[in-house]
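Inspection log for the structure reproduced underneath, given as structure tokens.
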Amino acid sequence: MVSQRLSEVRGQIEQQQAEFNALSQQIETVSIAVSLRTEEEAQVLGLSWRPGYEVKLALRDGLESLANYVTAMMTVLFYLPAVVLWVGTILTTLVLGWRSVLWVGRRWFGWKPTPLPVQA
């Protein structure tokens, strides 16, 4: 019984060792090739100027700015209902609070409503 269990464990160890060796060989065969080179400087009348590259950069910057604008507008559009609800809640609370103050003042302190002056 013990020898059978021991041989099973040894078999598992050998199997895992074989898998480990296979994976180690796969890792050893993987290589990454990186090549770096500098771009050649274009000389136009003694100036280092590359109009195509500058146009490409300007186009990329323009598209990025347009994307930022659209993102900002969509953010405003999606947050607008929440902002309107907050402003409405705050204004409603202020109006109800002011009316409550006037009601308490008239009822308990005898405040008289002041009529608005009429302009002719």
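The values are calculated or read from the model by the stated rules, or taken from the named source; none is laboratory data. Bear in mind the structure is a predicted one, so any value in this text is a computation, not a measurement. Heads up, the Cβs are rebuilt from the backbone with ideal geometry, glycines too, and the neighbour counts pull from every protein chain shown. We work out accessible area using only protein heavy atoms, side chains counted, and drop any ligands, DNA or RNA first. Shrake-Rupley method; radii C 1.70, N 1.55, O 1.52, S 1.80 Å.
Remarks
- For Trp111, the residues whose modelled amide H falls within less than 5 Å of its own, excluding neighbours fewer than 5 places apart on the same chain, are Arg106.
- Computed from point charges on the beta carbon alone (+1 for Lys and Arg, -1 for Asp and Glu), the dipole magnitude for the chain about its Cα centre is near 1500 Debye.
- Per residue, the chain reaches -27000 deg cm²/dmol at 222 nm when only DSSP H runs of four or more residues are counted, each adding -39500 (n - 2.57).
- The phi torsions of segment 57-66, fed into the Karplus equation with coefficients 6.51, -1.76 and 1.60 and a -60° offset, translate into couplings of 5, 5, 5, 4, 5, x, 5, 5, 5, 5 Hz, rounded to whole numbers, with Gly and Pro shown as x.
- Rounded accessible area per residue of segment 55-120, 1.4 Å, Å²: 98 Å²
- Put a dot 7 Å past the Cα of Asn68, heading toward its Cβ, do the same for Val95, and the two dots end up 4.0 nm apart.
- Sequence-ordered 3J(HN,Hα) estimates for segment 72-82 from the Karplus curve with 6.51, -1.76 and 1.60 and θ = phi - 60° stand at 5, 5, 5, 4, 4, 4, 7, 8, 4, x, 5 Hz, glycine and proline given as x.
- Tensor-based shape of the chain (alpha-carbon gyration tensor, a/c under 1.5 rounded, otherwise prolate or oblate): oblate
- An oblate overall shape is assigned to segment 65-120, the ratio a/c of its alpha-carbon gyration tensor axes (a ≥ b ≥ c) being 1.5 or greater and a/b not exceeding b/c.
- Taking label positions 7 Å along the Cα-Cβ direction at both Ser7 and Lys112, the computed distance is 11.6 nm, reported to one decimal.
- Rolled with a 1.4 Å probe across the full set of protein chains, the surface gives Leu85 an accessible area near 120 Å².
- Compared with the alpha-carbon gap, the fully stretched path from Val83 to Arg37 is longer by 11.3 nm at 0.36 nm per residue.
- Between the helical axis of 2-29 and the longest alpha-carbon principal axis of the chain there is an angle of about 80 degrees.
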